[in-house]
Amino acid sequence: IQRVKGCRKNGDEFPVELTMSYKTIGQDALFTTVLRDISSQLEATRELKLADQVFQHSAEAICIIDAQRKIISVNSRFTDLTGWSREAAIGQSSEILVPAQQQPGHRQAWLAAKDAGIWQGELQLIRRNGSPFPIWLTINVLRNAVGTPTRSIIMFSDITERRRATEQLEFQARHDALTGLPNRYGLDHLLPDLLAQ
């Protein structure tokens, strides 16, 4: 079997897999040649390599789980954020990432993703060392031909810095920069609570 270039009638070249066999029958020598266009096979291989590169070099953590919510694949960003190595994470339940007090919120997210096919929102995970961190989470549910969920693609990013920046902006909007005391905007928001007390 050899790979060679074929040439179509219009002059376009295309990749071909060439198989030749030789056999003698009596005094006659018979050659059999099989040519197979492998353009689509090579294109599929290129697409798979590209998908793998996107998966491995994504800025978001990616985790693929099966129908029983067992981890079957993770990318390098996942290992960076969670502290779980690829080898240690694969085969584990995705629940290893969910803090006990966050279980109900995660359960609702899963049910919503199962119904709609996708869910996005802010939740919290825990690293392997037990430290919690806020995330922006996307769950995509993949289904087979009859509509049964078979896999889910989970993508998330750590939003600790974004949350910290938002809290700082909110504080600055409600407090005087020099004294740190509530400003008029802050008092307008505090006053109803104070009067109610």
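Okay, here's what the table says:
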read-out: Simple label model, 7 Å out from Cα along Cβ direction - I25 to Q56, nm; value: 5.0
read-out: Computed FRET value (nearest 0.05) for N183 with A100, which takes r as the C-beta separation and R₀ as 35 Å; value: 0.35
read-out: For the range 1-70 and the range 131-197, distance of Cα centres in Å; value: 49
read-out: Leading residue at positive end of dipole, the range 106-162 (Cβ point charges), from H106, L137, T150; value: T150
read-out: Per-selection metrics, the chain (Cα): Rg and Dmax in Å; value: 28.7, 112
read-out: Between helix 184-196 and the chain: long-axis angle, C-alpha atoms, 0 to 90°, nearest 10; value: 70
read-out: Helix 160-174 axis, angle to the chain major axis (alpha carbon atoms, nearest 10°); value: 30
read-out: Pairs of Cα atoms farther than 14 Å apart, the range 30-74, %; value: 68
read-out: Net charge of neighbours whose Cβ lies under 11 Å from the Cβ of V74, counting Lys and Arg as +1 and Asp and Glu as -1; value: 0
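Read the figures in this text as sums done on the coordinates, not as results from a lab. These numbers were taken from a predicted model, which means no experiment stands behind them. Note that each Cβ is placed from the backbone with ideal geometry, even for glycine, and that neighbours are counted across all protein chains shown.
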